[in-house]
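Please read the structure below before turning to the comments.
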Amino acid sequence: MTSAISITNGGVRLGGRDILQGVNAEIATGEFIGLFGPNGAGKSTLMRCILGLTPLSSGSISVFGEAPGRANGVIGYMPQSRTSLEGSALTVRALVSAVEGGNRWGIPWNSRAARGEVERALELAGAGEYANRRFSVLSGGEKQRIALAQALLGKPRLLILDEPLASLDPRNQMRMVENVARIKATTGATILFIAHDVNPLIKVMDRVIYIAGGGAAIGSPDEIISSAALSKLYGAEINVVRAEGKIFIVAAEGNVTEAAHHD
Amino acid sequence: MIEHLNYFLSYDFVLNALIAGTLAGILGAVVGYFVVVRKAGFAAHALAHIGFTGATGAALFALSPLEGMLIISVLAGMMMGAYGNRLQRSDLAIGMTLSICLGIGMLFLTFYRGFAGHATAILFGDIFGVSHRQIIQTLVLSALSLGTLLVFSRRLLFVSLQPDLAEARGISLSASSIIFSVILAISVTLASQVVGILLVFTLVIGPAGIASRFCRTFWSGLATSVTIGLLAVWIGILLACFTNWPATFWITMIIFFLYLITEAVCRYAFRGA
(Lines give C-alpha, C1' and ligand atoms only; values in the text may rest on other atoms or scores of the structure.)
Protein backbone atom coordinates (compact mmCIF):
# COMPACT_ATOMS: atom_id res chain seq x y z
CA MET A 1 0.00 0.00 0.00
CA THR A 2 1.27 3.47 -0.84
CA SER A 3 1.46 5.96 1.95
CA ALA A 4 -0.82 8.97 2.07
CA ILE A 5 1.18 10.90 4.61
CA SER A 6 4.72 10.19 5.68
CA ILE A 7 6.41 12.21 8.43
CA THR A 8 9.96 11.42 9.48
CA ASN A 9 11.35 12.99 12.64
CA GLY A 10 9.22 16.08 12.04
CA GLY A 11 9.57 19.13 14.25
CA VAL A 12 7.87 22.51 14.20
CA ARG A 13 9.16 25.64 15.88
CA LEU A 14 6.93 28.69 15.93
CA GLY A 15 7.77 32.01 17.57
CA GLY A 16 10.84 30.54 19.28
CA ARG A 17 8.85 27.73 20.88
CA ASP A 18 9.02 24.07 19.97
CA ILE A 19 5.48 23.04 19.15
CA LEU A 20 6.24 19.53 17.96
CA GLN A 21 9.38 17.41 18.04
CA GLY A 22 10.39 14.04 16.70
CA VAL A 23 7.07 13.20 15.07
CA ASN A 24 7.10 10.00 13.06
CA ALA A 25 3.99 8.85 11.25
CA GLU A 26 3.32 6.65 8.26
CA ILE A 27 -0.31 6.79 7.19
CA ALA A 28 -1.45 4.38 4.48
CA THR A 29 -4.04 5.31 1.89
CA GLY A 30 -7.55 4.45 2.97
CA GLU A 31 -6.80 4.57 6.69
CA PHE A 32 -9.13 6.27 9.17
CA ILE A 33 -6.90 8.12 11.62
CA GLY A 34 -8.18 9.80 14.76
CA LEU A 35 -6.01 12.74 15.83
CA PHE A 36 -6.31 13.66 19.50
CA GLY A 37 -4.61 15.79 22.11
CA PRO A 38 -5.29 18.61 24.55
CA ASN A 39 -5.94 22.17 23.38
CA GLY A 40 -2.83 23.87 22.06
CA ALA A 41 -0.89 20.60 21.80
CA GLY A 42 -0.28 21.08 18.08
CA LYS A 43 -3.10 19.22 16.34
CA SER A 44 -3.89 22.15 14.08
CA THR A 45 -0.19 22.81 13.54
CA LEU A 46 0.38 19.24 12.37
CA MET A 47 -2.58 19.61 10.04
CA ARG A 48 -1.22 22.86 8.63
CA CYS A 49 2.11 21.08 8.02
CA ILE A 50 0.30 18.41 6.03
CA LEU A 51 -1.42 21.12 4.00
CA GLY A 52 1.92 22.82 3.42
CA LEU A 53 0.79 26.03 5.16
CA THR A 54 3.33 25.74 7.98
CA PRO A 55 6.80 24.42 7.10
CA LEU A 56 8.55 21.86 9.27
CA SER A 57 11.61 23.27 10.99
CA SER A 58 13.22 19.84 11.07
CA GLY A 59 12.63 16.40 9.57
CA SER A 60 10.63 15.71 6.45
CA ILE A 61 7.05 15.27 5.38
CA SER A 62 5.48 14.03 2.19
CA VAL A 63 1.85 13.82 1.13
CA PHE A 64 1.06 11.23 -1.56
CA GLY A 65 4.78 11.13 -2.26
CA GLU A 66 5.04 14.87 -2.88
CA ALA A 67 6.09 17.91 -0.89
CA PRO A 68 3.17 19.19 1.20
CA GLY A 69 1.18 21.82 -0.63
CA ARG A 70 1.76 20.20 -4.03
CA ALA A 71 -0.98 17.65 -3.49
CA ASN A 72 -3.63 20.04 -2.16
CA GLY A 73 -5.85 19.44 -5.15
CA VAL A 74 -6.57 15.97 -3.79
CA ILE A 75 -7.00 17.07 -0.18
CA GLY A 76 -10.42 17.92 1.17
CA TYR A 77 -10.30 20.09 4.26
CA MET A 78 -13.04 20.91 6.69
CA PRO A 79 -11.92 23.86 8.81
CA GLN A 80 -12.89 24.43 12.39
CA SER A 81 -14.24 27.90 11.65
CA ARG A 82 -17.93 27.96 10.93
CA THR A 83 -19.54 29.91 8.14
CA SER A 84 -22.08 32.35 9.48
CA LEU A 85 -24.38 34.07 7.03
CA GLU A 86 -26.93 35.61 9.33
CA GLY A 87 -29.69 37.36 7.48
CA SER A 88 -28.61 35.97 4.13
CA ALA A 89 -31.02 33.95 2.02
CA LEU A 90 -28.29 31.96 0.24
CA THR A 91 -29.21 28.29 0.01
CA VAL A 92 -27.12 25.31 0.95
CA ARG A 93 -26.70 24.44 -2.72
CA ALA A 94 -25.56 27.99 -3.55
CA LEU A 95 -22.92 27.83 -0.82
CA VAL A 96 -21.52 24.51 -1.96
CA SER A 97 -21.64 25.64 -5.61
CA ALA A 98 -19.63 28.75 -4.71
CA VAL A 99 -16.79 26.57 -3.44
CA GLU A 100 -16.77 24.08 -6.34
CA GLY A 101 -13.83 24.85 -8.63
CA GLY A 102 -13.11 27.87 -6.45
CA ASN A 103 -9.44 27.76 -7.44
CA ARG A 104 -10.20 28.60 -11.04
CA TRP A 105 -10.11 32.05 -12.55
CA GLY A 106 -13.16 33.57 -14.19
CA ILE A 107 -16.68 34.09 -12.98
CA PRO A 108 -18.46 31.74 -10.56
CA TRP A 109 -20.53 30.00 -13.23
CA ASN A 110 -20.64 26.22 -12.95
CA SER A 111 -20.74 23.83 -15.88
CA ARG A 112 -23.16 20.89 -15.95
CA ALA A 113 -20.37 18.60 -14.75
CA ALA A 114 -19.54 20.96 -11.89
CA ARG A 115 -23.21 21.09 -10.88
CA GLY A 116 -23.22 17.30 -10.86
CA GLU A 117 -20.18 17.33 -8.58
CA VAL A 118 -22.01 19.68 -6.20
CA GLU A 119 -24.96 17.27 -6.02
CA ARG A 120 -22.64 14.33 -5.45
CA ALA A 121 -20.90 16.08 -2.56
CA LEU A 122 -24.23 17.15 -1.03
CA GLU A 123 -25.57 13.59 -1.16
CA LEU A 124 -22.35 12.11 0.17
CA ALA A 125 -22.34 14.51 3.11
CA GLY A 126 -25.94 13.65 3.90
CA ALA A 127 -27.17 17.15 3.03
CA GLY A 128 -29.01 16.30 -0.18
CA GLU A 129 -32.50 16.54 1.28
CA TYR A 130 -32.11 20.11 2.47
CA ALA A 131 -30.03 21.49 -0.38
CA ASN A 132 -32.72 24.05 -1.22
CA ARG A 133 -33.03 25.44 2.29
CA ARG A 134 -31.51 28.69 3.40
CA PHE A 135 -28.18 28.07 5.12
CA SER A 136 -28.73 30.63 7.88
CA VAL A 137 -31.71 28.79 9.39
CA LEU A 138 -29.99 25.39 9.67
CA SER A 139 -29.03 23.75 12.94
CA GLY A 140 -25.39 23.39 13.96
CA GLY A 141 -25.32 19.74 12.88
CA GLU A 142 -26.82 20.53 9.50
CA LYS A 143 -24.34 23.36 8.95
CA GLN A 144 -21.47 21.01 9.75
CA ARG A 145 -22.61 18.67 6.99
CA ILE A 146 -22.42 21.59 4.54
CA ALA A 147 -18.79 22.19 5.51
CA LEU A 148 -18.24 18.47 4.95
CA ALA A 149 -19.88 18.69 1.51
CA GLN A 150 -17.58 21.60 0.61
CA ALA A 151 -14.58 19.53 1.67
CA LEU A 152 -15.77 16.62 -0.49
CA LEU A 153 -15.76 18.62 -3.73
CA GLY A 154 -13.19 17.50 -6.25
CA LYS A 155 -13.17 13.88 -5.02
CA PRO A 156 -10.37 14.24 -2.45
CA ARG A 157 -8.14 11.25 -1.68
CA LEU A 158 -7.34 12.67 1.75
CA LEU A 159 -9.98 14.22 3.96
CA ILE A 160 -8.75 16.36 6.86
CA LEU A 161 -11.51 17.20 9.33
CA ASP A 162 -10.63 19.75 12.00
CA GLU A 163 -12.82 19.12 15.05
CA PRO A 164 -16.04 18.46 13.16
CA LEU A 165 -17.68 17.26 16.37
CA ALA A 166 -17.05 20.47 18.31
CA SER A 167 -20.25 21.89 19.79
CA LEU A 168 -22.45 19.13 18.38
CA ASP A 169 -24.83 17.19 20.58
CA PRO A 170 -24.22 13.42 20.95
CA ARG A 171 -26.82 12.47 18.35
CA ASN A 172 -25.31 14.82 15.74
CA GLN A 173 -21.78 13.70 16.69
CA MET A 174 -22.87 10.14 16.00
CA ARG A 175 -24.36 11.13 12.68
CA MET A 176 -21.24 13.02 11.60
CA VAL A 177 -19.00 10.05 12.47
CA GLU A 178 -21.28 7.63 10.60
CA ASN A 179 -21.26 9.96 7.60
CA VAL A 180 -17.48 10.11 7.53
CA ALA A 181 -17.17 6.32 7.95
CA ARG A 182 -19.56 5.86 5.04
CA ILE A 183 -17.60 8.35 2.93
CA LYS A 184 -14.42 6.40 3.65
CA ALA A 185 -16.13 3.16 2.64
CA THR A 186 -17.61 4.52 -0.61
CA THR A 187 -14.73 6.71 -1.81
CA GLY A 188 -11.74 4.95 -0.29
CA ALA A 189 -10.40 8.29 0.93
CA THR A 190 -7.87 8.49 3.72
CA ILE A 191 -9.41 10.20 6.75
CA LEU A 192 -7.63 12.39 9.28
CA PHE A 193 -10.24 13.17 11.90
CA ILE A 194 -9.29 15.65 14.63
CA ALA A 195 -11.38 15.34 17.77
CA HIS A 196 -11.29 16.08 21.45
CA ASP A 197 -12.97 12.95 22.69
CA VAL A 198 -11.93 9.44 21.63
CA ASN A 199 -15.29 7.80 22.36
CA PRO A 200 -17.33 8.79 19.30
CA LEU A 201 -14.57 7.50 17.01
CA ILE A 202 -13.58 4.33 18.80
CA LYS A 203 -15.54 1.99 16.52
CA VAL A 204 -14.54 3.53 13.20
CA MET A 205 -10.90 4.54 13.41
CA ASP A 206 -8.10 2.26 12.30
CA ARG A 207 -5.32 4.02 14.14
CA VAL A 208 -4.76 6.89 16.53
CA ILE A 209 -2.32 9.77 16.61
CA TYR A 210 -2.14 11.33 20.04
CA ILE A 211 -0.31 14.61 20.47
CA ALA A 212 0.78 15.87 23.86
CA GLY A 213 3.85 17.32 25.52
CA GLY A 214 5.42 18.33 22.18
CA GLY A 215 5.49 14.77 20.86
CA ALA A 216 3.18 12.44 19.03
CA ALA A 217 2.41 8.75 19.31
CA ILE A 218 0.82 6.69 16.56
CA GLY A 219 -0.63 3.22 16.81
CA SER A 220 -3.76 1.17 17.25
CA PRO A 221 -6.42 2.63 19.56
CA ASP A 222 -5.71 0.01 22.24
CA GLU A 223 -1.98 0.63 22.06
CA ILE A 224 -2.13 4.44 22.30
CA ILE A 225 -5.13 5.02 24.51
CA SER A 226 -3.56 3.22 27.41
CA SER A 227 -2.24 4.41 30.74
CA ALA A 228 1.32 3.46 29.82
CA ALA A 229 1.47 5.13 26.41
CA LEU A 230 -0.27 8.35 27.45
CA SER A 231 1.75 8.68 30.66
CA LYS A 232 4.92 8.48 28.60
CA LEU A 233 3.61 11.07 26.15
CA TYR A 234 2.41 13.55 28.77
CA GLY A 235 5.42 12.94 30.98
CA ALA A 236 3.01 12.60 33.89
CA GLU A 237 0.93 9.83 35.26
CA ILE A 238 -2.24 9.40 33.23
CA ASN A 239 -4.92 6.82 33.90
CA VAL A 240 -7.09 5.46 31.14
CA VAL A 241 -10.28 4.21 32.72
CA ARG A 242 -12.81 2.12 30.85
CA ALA A 243 -16.27 2.18 32.36
CA GLU A 244 -19.76 1.58 30.98
CA GLY A 245 -18.33 1.15 27.49
CA LYS A 246 -16.70 4.57 27.57
CA ILE A 247 -13.09 5.64 27.85
CA PHE A 248 -12.06 8.26 30.38
CA ILE A 249 -8.61 9.80 30.34
CA VAL A 250 -7.76 11.11 33.79
CA ALA A 251 -4.63 12.67 35.25
CA ALA A 252 -3.41 10.88 38.34
CA GLU A 253 -3.62 14.12 40.35
CA GLY A 254 -7.32 13.86 39.86
CA ASN A 255 -8.19 16.58 37.38
CA VAL A 256 -9.60 15.30 34.13
CA THR A 257 -7.25 16.25 31.30
CA GLU A 258 -9.58 15.11 28.64
CA ALA A 259 -13.26 15.26 29.39
CA ALA A 260 -14.07 12.06 27.59
CA HIS A 261 -17.72 12.01 28.38
CA HIS A 262 -19.92 14.75 26.97
CA ASP A 263 -23.38 13.26 27.53
CA MET B 1 -43.95 64.32 -18.27
CA ILE B 2 -42.11 62.91 -21.28
CA GLU B 3 -41.65 66.46 -22.47
CA HIS B 4 -40.04 67.35 -19.14
CA LEU B 5 -37.83 64.32 -19.36
CA ASN B 6 -36.61 65.29 -22.83
CA TYR B 7 -35.98 68.77 -21.56
CA PHE B 8 -33.85 67.52 -18.67
CA LEU B 9 -31.95 65.09 -20.85
CA SER B 10 -31.05 67.87 -23.24
CA TYR B 11 -28.75 69.18 -20.54
CA ASP B 12 -25.22 67.84 -20.53
CA PHE B 13 -24.95 67.85 -16.75
CA VAL B 14 -28.03 65.64 -16.44
CA LEU B 15 -26.64 63.20 -19.00
CA ASN B 16 -23.27 63.22 -17.27
CA ALA B 17 -24.97 62.57 -13.95
CA LEU B 18 -26.85 59.62 -15.40
CA ILE B 19 -23.70 58.13 -16.94
CA ALA B 20 -21.58 58.54 -13.80
CA GLY B 21 -24.46 57.34 -11.65
CA THR B 22 -25.01 54.27 -13.81
CA LEU B 23 -21.35 53.26 -13.69
CA ALA B 24 -21.00 53.89 -9.96
CA GLY B 25 -24.30 52.12 -9.34
CA ILE B 26 -23.31 48.98 -11.22
CA LEU B 27 -19.85 48.77 -9.68
CA GLY B 28 -21.12 49.56 -6.19
CA ALA B 29 -23.83 46.90 -6.42
CA VAL B 30 -21.44 44.22 -7.68
CA VAL B 31 -18.61 44.98 -5.26
CA GLY B 32 -21.15 45.48 -2.47
CA TYR B 33 -22.32 41.93 -2.91
CA PHE B 34 -18.84 40.71 -2.02
CA VAL B 35 -18.64 43.21 0.85
CA VAL B 36 -21.83 41.72 2.28
CA VAL B 37 -20.58 38.15 1.89
CA ARG B 38 -17.25 39.08 3.48
CA LYS B 39 -18.94 41.13 6.21
CA ALA B 40 -16.56 43.97 5.42
CA GLY B 41 -19.16 46.72 5.72
CA PHE B 42 -17.22 48.79 8.20
CA ALA B 43 -14.04 48.54 6.12
CA ALA B 44 -15.97 49.80 3.08
CA HIS B 45 -17.42 52.67 5.05
CA ALA B 46 -14.00 53.53 6.46
CA LEU B 47 -12.34 53.50 3.03
CA ALA B 48 -14.80 56.15 1.88
CA HIS B 49 -14.14 58.35 4.90
CA ILE B 50 -10.39 57.94 4.55
CA GLY B 51 -10.89 59.23 1.02
CA PHE B 52 -12.00 62.56 2.50
CA THR B 53 -8.37 63.32 3.32
CA GLY B 54 -7.40 62.66 -0.26
CA ALA B 55 -10.23 64.72 -1.63
CA THR B 56 -9.44 67.77 0.50
CA GLY B 57 -5.69 67.30 0.26
CA ALA B 58 -5.84 66.97 -3.52
CA ALA B 59 -6.20 70.73 -3.93
CA LEU B 60 -2.83 71.24 -2.23
CA PHE B 61 -1.19 69.04 -4.87
CA ALA B 62 -3.17 70.44 -7.81
CA LEU B 63 -5.13 67.22 -8.23
CA SER B 64 -8.88 66.87 -8.58
CA PRO B 65 -10.77 65.62 -5.49
CA LEU B 66 -11.56 62.40 -7.37
CA GLU B 67 -7.88 61.74 -8.07
CA GLY B 68 -6.85 62.60 -4.52
CA MET B 69 -9.50 60.41 -3.02
CA LEU B 70 -8.70 57.55 -5.36
CA ILE B 71 -5.00 57.61 -4.47
CA ILE B 72 -5.51 57.66 -0.72
CA SER B 73 -8.33 55.08 -0.71
CA VAL B 74 -6.41 52.67 -2.90
CA LEU B 75 -3.35 53.01 -0.65
CA ALA B 76 -5.46 52.52 2.47
CA GLY B 77 -7.22 49.61 0.79
CA MET B 78 -3.92 47.93 0.01
CA MET B 79 -2.81 48.34 3.61
CA MET B 80 -6.08 46.93 4.88
CA GLY B 81 -5.77 44.06 2.43
CA ALA B 82 -2.19 43.34 3.42
CA TYR B 83 -3.27 42.90 7.02
CA GLY B 84 -5.97 40.68 5.65
CA ASN B 85 -8.94 39.44 7.59
CA ARG B 86 -7.38 40.46 10.85
CA LEU B 87 -7.64 44.15 10.07
CA GLN B 88 -10.85 43.93 8.12
CA ARG B 89 -12.47 42.58 11.23
CA SER B 90 -10.62 44.82 13.65
CA ASP B 91 -13.04 47.63 14.40
CA LEU B 92 -10.54 49.42 16.61
CA ALA B 93 -7.72 49.55 14.04
CA ILE B 94 -10.07 50.69 11.30
CA GLY B 95 -11.74 53.21 13.57
CA MET B 96 -8.44 54.75 14.69
CA THR B 97 -7.10 54.99 11.12
CA LEU B 98 -10.38 56.54 10.14
CA SER B 99 -10.22 59.26 12.78
CA ILE B 100 -6.65 60.30 12.05
CA CYS B 101 -7.43 60.50 8.34
CA LEU B 102 -10.50 62.63 8.94
CA GLY B 103 -8.44 64.80 11.28
CA ILE B 104 -5.81 65.40 8.58
CA GLY B 105 -8.60 66.00 6.07
CA MET B 106 -9.97 68.66 8.36
CA LEU B 107 -6.53 70.29 8.49
CA PHE B 108 -6.32 70.35 4.69
CA LEU B 109 -9.72 71.96 4.65
CA THR B 110 -8.46 74.75 6.91
CA PHE B 111 -5.57 75.47 4.52
CA TYR B 112 -8.12 76.08 1.83
CA ARG B 113 -10.30 78.88 2.99
CA GLY B 114 -13.60 79.23 1.23
CA PHE B 115 -13.56 75.53 0.52
CA ALA B 116 -16.72 74.81 2.49
CA GLY B 117 -18.87 74.44 -0.60
CA HIS B 118 -16.40 71.95 -1.94
CA ALA B 119 -16.47 70.07 1.34
CA THR B 120 -20.22 69.68 1.14
CA ALA B 121 -19.86 68.32 -2.37
CA ILE B 122 -17.30 65.78 -1.16
CA LEU B 123 -19.27 64.76 1.90
CA PHE B 124 -22.69 64.53 0.29
CA GLY B 125 -21.93 64.11 -3.39
CA ASP B 126 -22.48 66.43 -6.31
CA ILE B 127 -23.70 64.25 -9.10
CA PHE B 128 -24.76 67.20 -11.26
CA GLY B 129 -21.29 68.67 -11.01
CA VAL B 130 -19.54 65.73 -12.68
CA SER B 131 -17.29 66.96 -15.47
CA HIS B 132 -16.56 65.37 -18.82
CA ARG B 133 -13.08 64.50 -17.58
CA GLN B 134 -14.54 62.78 -14.53
CA ILE B 135 -16.85 60.77 -16.78
CA ILE B 136 -13.86 59.43 -18.68
CA GLN B 137 -12.05 58.63 -15.43
CA THR B 138 -15.14 56.93 -14.06
CA LEU B 139 -15.50 54.89 -17.23
CA VAL B 140 -11.88 53.73 -17.15
CA LEU B 141 -11.96 52.90 -13.43
CA SER B 142 -15.23 50.96 -13.65
CA ALA B 143 -13.99 49.02 -16.66
CA LEU B 144 -10.78 48.21 -14.82
CA SER B 145 -12.59 47.03 -11.69
CA LEU B 146 -15.27 45.03 -13.49
CA GLY B 147 -12.62 43.53 -15.77
CA THR B 148 -10.62 42.40 -12.76
CA LEU B 149 -13.75 40.87 -11.27
CA LEU B 150 -14.42 39.00 -14.52
CA VAL B 151 -11.14 37.20 -13.99
CA PHE B 152 -11.07 37.09 -10.22
CA SER B 153 -14.66 36.75 -8.94
CA ARG B 154 -14.73 32.97 -8.78
CA ARG B 155 -11.75 32.87 -6.47
CA LEU B 156 -12.98 35.88 -4.55
CA LEU B 157 -16.31 34.22 -3.80
CA PHE B 158 -14.53 31.06 -2.64
CA VAL B 159 -12.10 32.98 -0.43
CA SER B 160 -14.90 35.13 0.98
CA LEU B 161 -17.15 32.22 1.91
CA GLN B 162 -14.61 29.65 3.08
CA PRO B 163 -11.26 31.37 3.72
CA ASP B 164 -9.69 28.44 5.57
CA LEU B 165 -10.59 25.92 2.90
CA ALA B 166 -9.40 28.32 0.19
CA GLU B 167 -6.06 28.73 1.98
CA ALA B 168 -5.76 24.96 2.22
CA ARG B 169 -6.36 24.76 -1.53
CA GLY B 170 -3.40 27.06 -2.09
CA ILE B 171 -5.08 30.44 -2.58
CA SER B 172 -3.24 33.34 -0.96
CA LEU B 173 -5.60 35.05 1.44
CA SER B 174 -3.60 38.27 1.63
CA ALA B 175 -3.23 38.61 -2.15
CA SER B 176 -6.96 38.09 -2.58
CA SER B 177 -7.64 40.55 0.17
CA ILE B 178 -5.40 43.20 -1.40
CA ILE B 179 -6.97 42.84 -4.85
CA PHE B 180 -10.43 43.05 -3.38
CA SER B 181 -9.60 46.06 -1.21
CA VAL B 182 -8.28 47.96 -4.21
CA ILE B 183 -11.45 47.23 -6.18
CA LEU B 184 -13.46 48.24 -3.14
CA ALA B 185 -11.50 51.50 -2.83
CA ILE B 186 -12.22 52.30 -6.48
CA SER B 187 -15.91 51.56 -6.22
CA VAL B 188 -16.22 53.55 -3.02
CA THR B 189 -14.52 56.51 -4.67
CA LEU B 190 -16.83 56.38 -7.66
CA ALA B 191 -19.90 55.98 -5.48
CA SER B 192 -18.88 59.00 -3.45
CA GLN B 193 -19.16 61.16 -6.57
CA VAL B 194 -22.83 60.26 -6.66
CA VAL B 195 -23.88 60.18 -3.02
CA GLY B 196 -20.86 61.62 -1.25
CA ILE B 197 -18.38 60.15 1.18
CA LEU B 198 -20.76 60.10 4.13
CA LEU B 199 -23.42 58.14 2.26
CA VAL B 200 -21.33 55.64 0.34
CA PHE B 201 -23.06 52.94 2.34
CA THR B 202 -26.22 53.66 0.38
CA LEU B 203 -24.76 52.64 -2.96
CA VAL B 204 -22.15 50.09 -1.96
CA ILE B 205 -23.85 48.12 0.81
CA GLY B 206 -27.50 49.09 0.40
CA PRO B 207 -28.50 47.31 -2.83
CA ALA B 208 -26.38 44.22 -2.09
CA GLY B 209 -27.57 44.00 1.49
CA ILE B 210 -31.20 44.21 0.42
CA ALA B 211 -30.67 41.60 -2.32
CA SER B 212 -28.89 39.21 0.05
CA ARG B 213 -31.95 39.19 2.33
CA PHE B 214 -34.06 37.28 -0.16
CA CYS B 215 -31.92 36.08 -3.09
CA ARG B 216 -31.16 32.40 -2.80
CA THR B 217 -28.27 32.12 -5.25
CA PHE B 218 -25.14 34.13 -6.01
CA TRP B 219 -26.29 35.16 -9.48
CA SER B 220 -29.82 36.18 -8.53
CA GLY B 221 -28.32 38.18 -5.67
CA LEU B 222 -25.90 39.93 -7.99
CA ALA B 223 -28.56 40.69 -10.61
CA THR B 224 -31.00 41.99 -7.99
CA SER B 225 -28.32 44.09 -6.36
CA VAL B 226 -27.43 45.75 -9.69
CA THR B 227 -31.10 46.29 -10.53
CA ILE B 228 -31.77 47.97 -7.18
CA GLY B 229 -28.63 50.11 -7.48
CA LEU B 230 -29.48 51.30 -10.99
CA LEU B 231 -33.15 51.99 -10.24
CA ALA B 232 -32.22 53.98 -7.14
CA VAL B 233 -29.67 56.08 -9.02
CA TRP B 234 -31.84 56.72 -12.09
CA ILE B 235 -35.05 57.48 -10.22
CA GLY B 236 -33.11 59.54 -7.68
CA ILE B 237 -31.50 61.70 -10.38
CA LEU B 238 -34.80 62.20 -12.22
CA LEU B 239 -36.65 63.06 -9.02
CA ALA B 240 -33.90 65.55 -8.26
CA CYS B 241 -34.50 67.16 -11.67
CA PHE B 242 -38.24 67.39 -11.04
CA THR B 243 -38.07 68.60 -7.46
CA ASN B 244 -34.77 70.47 -7.29
CA TRP B 245 -34.03 68.53 -4.10
CA PRO B 246 -30.61 66.83 -3.97
CA ALA B 247 -30.23 63.53 -5.84
CA THR B 248 -28.38 62.14 -2.82
CA PHE B 249 -31.49 62.64 -0.69
CA TRP B 250 -33.70 60.81 -3.17
CA ILE B 251 -31.28 57.92 -3.62
CA THR B 252 -30.98 57.35 0.12
CA MET B 253 -34.77 57.57 0.44
CA ILE B 254 -35.33 54.97 -2.27
CA ILE B 255 -32.78 52.57 -0.85
CA PHE B 256 -34.09 52.99 2.67
CA PHE B 257 -37.68 52.34 1.65
CA LEU B 258 -36.66 49.28 -0.34
CA TYR B 259 -34.83 48.09 2.76
CA LEU B 260 -37.90 48.62 4.96
CA ILE B 261 -40.16 46.78 2.54
CA THR B 262 -37.66 43.91 2.19
CA GLU B 263 -37.29 43.57 5.95
CA ALA B 264 -41.04 43.52 6.45
CA VAL B 265 -41.66 41.00 3.66
CA CYS B 266 -38.74 38.77 4.70
CA ARG B 267 -39.81 38.75 8.33
CA TYR B 268 -43.31 37.83 7.27
CA ALA B 269 -42.28 35.21 4.70
CA PHE B 270 -39.50 33.61 6.78
CA ARG B 271 -41.32 33.78 10.12
CA GLY B 272 -40.62 30.75 12.23
CA ALA B 273 -38.29 29.32 9.57
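The values are calculated or read from the model by the stated rules, or taken from the named source; none is laboratory data. For clarity, every value in this text was computed on a predicted model and none was experimentally measured. Reconstructed Cβ throughout: ideal geometry from the backbone, glycine too, with neighbour counts over all protein chains shown. Note: accessible area is taken over every heavy atom of the protein model, side chains too, but ligands, DNA and RNA are not part of it. Shrake-Rupley method; radii C 1.70, N 1.55, O 1.52, S 1.80 Å.
Every test in (1) touching a residue at least 40 places away in the same chain (Cβ under 8 Å); (2) out of contact with any helix residue (DSSP H, G or I) (no Cβ under 8 Å at 6 or more places or on another chain); (3) not in a loop (DSSP other than H, G, I, E, B) is passed by A:I5 save one, and that test is (2).
Is there a residue being in a helix (DSSP H, G or I) and open to solvent by 60 Å² or more (accessible area, probe 1.4 Å) anywhere in the range A:189-201? Scanning the range A:189-201, I find no residue that is in a helix (DSSP H, G or I) and open to solvent by 60 Å² or more (accessible area, probe 1.4 Å), so the answer is no. Every listed requirement among (1) part of a helix (DSSP H, G or I); (2) out of contact with any helix residue (DSSP H, G or I) (no Cβ under 7 Å at 6 or more places or on another chain) is met by A:E142 save one, (2). Among the candidates A:E117, A:E129, A:E142, A:E163, the residue that is under 13 Å from the mean Cα position of the chain (by Cα), of a type in the set (D, E) and surrounded by fewer than 23 Cβ atoms within 10 Å (Cβ to Cβ) is uniquely A:E163.
Contact annotation: residue pairs with Cβ atoms under 8 Å, 6 or more positions apart or on different chains, pairing a residue in the range B:1-20 that is without any contact (Cβ under 8 Å) to a residue 12 or more places away in the chain and closer than 15 Å to B:F242 by Cβ with a partner that is part of a helix (DSSP H, G or I) and open to solvent by 60 Å² or more (accessible area, probe 1.4 Å), are B:L9/B:L15. For the subset of the range A:50-62 comprising residues that are within 12 Å of chain B (Cβ to nearest Cβ) and not hydroxyl-bearing (S, T, Y), which member is surrounded by the most Cβ atoms within 10 Å (Cβ to Cβ)? Taking the candidates together, the pick is A:I50.
Residues checked against (1) crowded, with 22+ Cβ neighbours inside 10 Å; (2) farther than 28 Å from B:F218 by Cα; (3) touching a residue at least 60 places away in the same chain (Cβ under 8 Å); (4) not small (G, A, S):
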residue: B:A55; (1), (2), (3), (4): yes, yes, yes, no
residue: B:M80; (1), (2), (3), (4): yes, no, yes, yes
residue: B:L102; (1), (2), (3), (4): no, yes, no, yes
residue: B:F128; (1), (2), (3), (4): no, yes, yes, yes
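Inspect the range A:97-104 for any residue being more than 9 Å from every other protein chain (Cβ to nearest Cβ), open to solvent by less than 10 Å² (accessible area, probe 1.4 Å) and under 21 Å from B:S176 (Cβ atoms) and give the result as yes or no. Checking the range A:97-104: not a single residue is more than 9 Å from every other protein chain (Cβ to nearest Cβ), open to solvent by less than 10 Å² (accessible area, probe 1.4 Å) and under 21 Å from B:S176 (Cβ atoms). Among residues belonging to the range A:97-122 that are outside any helix (DSSP H, G or I) and among the polar types (S, T, N, Q), point out the one that is nearest to B:R155 (Cα to Cα). Per the criteria, the residue is A:N103.
Within 14 Å of chain A (Cβ to nearest Cβ), open to solvent by 30 Å² or more (accessible area, probe 1.4 Å) and modelled with pLDDT of 90 or more - does that describe any residue in the range B:23-38? Yes, that holds for at least one residue. Checked against the criterion of being in contact with a strand residue (DSSP E or B) (Cβ under 8 Å, 6 or more places away or on another chain), among the small types (G, A, S), assigned to a loop (DSSP other than H, G, I, E, B) and buried (at least 19 other Cβ atoms within 10 Å of the Cβ), the range A:146-153 has no qualifying residue. For A:A113, the stated conditions hold: it is farther than 29 Å from A:I5 by Cα, away from chain B (no Cβ under 12 Å) and hydrophobic (A, V, I, L, M, F, W, C).
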